[in-house]
1. Please report the equivalent ellipsoid semi-axes of the stretch 159-248, computed as sqrt(5 x eigenvalue) of the Cα gyration tensor, largest first, in whole Å.
2. Using the Cα centre as the reference, give the magnitude of the dipole from point charges on the C-beta atoms of the stretch 233-312 (Lys, Arg: +1; Asp, Glu: -1; all else neutral), rounded to the nearest 20 debye.
3. Run the dipole for the stretch 61-308 about the Cα centre, Lys and Arg Cβ at +1, Asp and Glu Cβ at -1, nothing else charged, and hand back the magnitude in debye, nearest 20.
4. Please quote Rg/Rh for the stretch 185-312 to two decimal places, taking the Kirkwood radius as Rh and restricting both calculations to Cα atoms.
Amino acid sequence: MQLLPTRLADPPSCSGHDRTATAVLARGLALLLLAVLSGCGGAERSGDRPPARPVSDGSAGGRAAIVWAVGDADGSRASRALAKRITSGRIDRFIYLGDVYETGTREEFERNYDAVFGSLAKKTSPTPGNHEWPLHTEGYEPYWRQAKGRPQPDHYSFELNGWKFLSVNSEGPHQEGSEQERWLRREAGGAGDCRIAFWHRPRHSAGLRHGDQADTQPFWAAVRGHAAIVLNAHEHDLQRFKSIEGVTQFVVGAGGHGQLYPLAPVDERLAFGNDDAVGALRLELRPGLARFAFIASDGRTLDSGSVPCQSA
């Protein structure tokens with residue numbers, strides 16, 4: 001939100017002493033207003049230390065919040081073209097759905113991630129993928145600590161324009177009863193389903209390379225009925241599922257790394273699938289409604305629609 005400069009004129013009848021007091025008071029009020037507004041912006045909230053009050057959603061003037069999501073990119077020409085498409089317009093939040101190739105070393109983060117999406121670092125909410133997690137203390141954690149000036153939690157939440165985002169780590173312990181699973185159930189609890197959960201490996205997938213990731217069922221069970229949307233990657237293609245247990249799941253792994261992965265010729269769960277275009281998911285969020293579009297790196301809209309939600 002931009003603050004316009006305001007000139008406060010002194011009443012003509014005020015003495016010099018009164019004018020000084022008025023100026024001090026006005027400056028104090030302006031600083032107070034600035035401090036309040038600077039807290040807006042959908043700051044991430046670690047799963048370890050919840051704040052005393054909800055995080056501000058960062059919305060301004062009733063406009064939609066623009067969120068892009070993709071995973072499985074690298075330093076290739078295809079990934080750079082996609083990044084150029086994503087950064088060509090306004091963006092409020094970038095969700096990177098995991099995998100920095102090949103093994104997520106610090107050098108690979110610099111070469112295959114920062115050189116492509118580094119300009120969005122301050123607006124990025126990441127989740128780790130299976131490729132970089134084994135070396136997370138060498139690449140993932142120090143990269144995001146330096147990029148953001150603070151440690152990047154494995155699981156966290158934030159709010160944006162009437163939607164609550166929940167990020168969990170599919171590469172860490174996530175069985176039923178695990179710390180992450182219990183945290184997700186707490187965070188996703190309550191009335192309404194205006195929530196978007198995301199992690200790397202998808203519970204449901206029509207991809208022929210990896211398919212359904214049954215081990216992530218505890219995450220799915222925690223958010224079904226409580227989240228309208230789930231975002232994943234891992235499969236190098238684009239998938240949108242019909243509503244499954246009240247959740248619309250998107251797989252957004254066509255970030256440009258290597259060859260795209262083929263989809264099953266027939267999967268009754270799919271509402272849309274594409275395995276021949278590098279692309280990302282664009283979300284336009286307003287309270288109670290998410291408009292979505294799969295956008296190819298060349299600008300084509302491959303699929304679009306909307307997902308409503310019920311607020312608490």
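Coordinate-derived values only; no laboratory data. If you're wondering where the values come from, they're calculated on a predicted model, not measured in any experiment. Note: ideal-geometry Cβ built from the backbone for every residue, glycine included; neighbour counts use all protein chains shown.
1. Semi-axes, largest first: 20, 16, 11 Å.
2. Its charge dipole is roughly 380 debye.
3. I would put it at about 1140 debye.
4. Here the Rg-to-Rh quotient is 0.96.
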